[in-house]
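Participant: Just dropping this structure here.
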Amino acid sequence: MEKYNKDVLNSIIELAWEDEVPFKAIKYQYDIDEKEVIKIMRKNLKKSSFIMWRKRVNSTISRKSDKKSF
């Protein structure tokens, strides 16, 4: 995983946590793909928070889809 400063990590985590922000928007802004975002979230969240986030991401179809523009 590439090293990011604390401010960038916080911004990525904040965007990923939001239900309406697609991974495509995060990739556009930070040039990282979905797998990298998942690694960042796994490393920086408590285990229970990460599991809760993954459940939300997987259960909300429109959440991270390419259908929404940014």
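Every read-out reported here was derived from the displayed coordinates using simple, explicitly stated rules and does not represent laboratory data. On a predicted model such as this, the values are computed, not experimentally measured, just so you know. Every residue, glycine among them, receives a Cβ derived from its backbone with ideal geometry; neighbour counts consider all protein chains shown.
Participant: Using R₀ = 25 Å, calculate the FRET efficiency as 1/(1 + (r/R₀)^6) where r is the Cβ-Cβ separation of residue 47 and residue 18; round to 0.05.
Facilitator: Taking R0 as 25 Å, the efficiency between residue 47 and residue 18 is 0.75.
Participant: Note the full-extension length gain between residue 25 and residue 55 as 0.36 nm times their separation in residues minus their Cα-Cα distance, in nm to one decimal.
Facilitator: Between residue 25 and residue 55, full extension yields an extra 8.8 nm.
Participant: Determine the alpha carbon to alpha carbon distance for each of 3/43; 24/47; 3/35; 6/43; 3/27; 6/39 and list only those over 18 Å.
Facilitator: Cα-Cα > 18 Å for 24/47; rest within.
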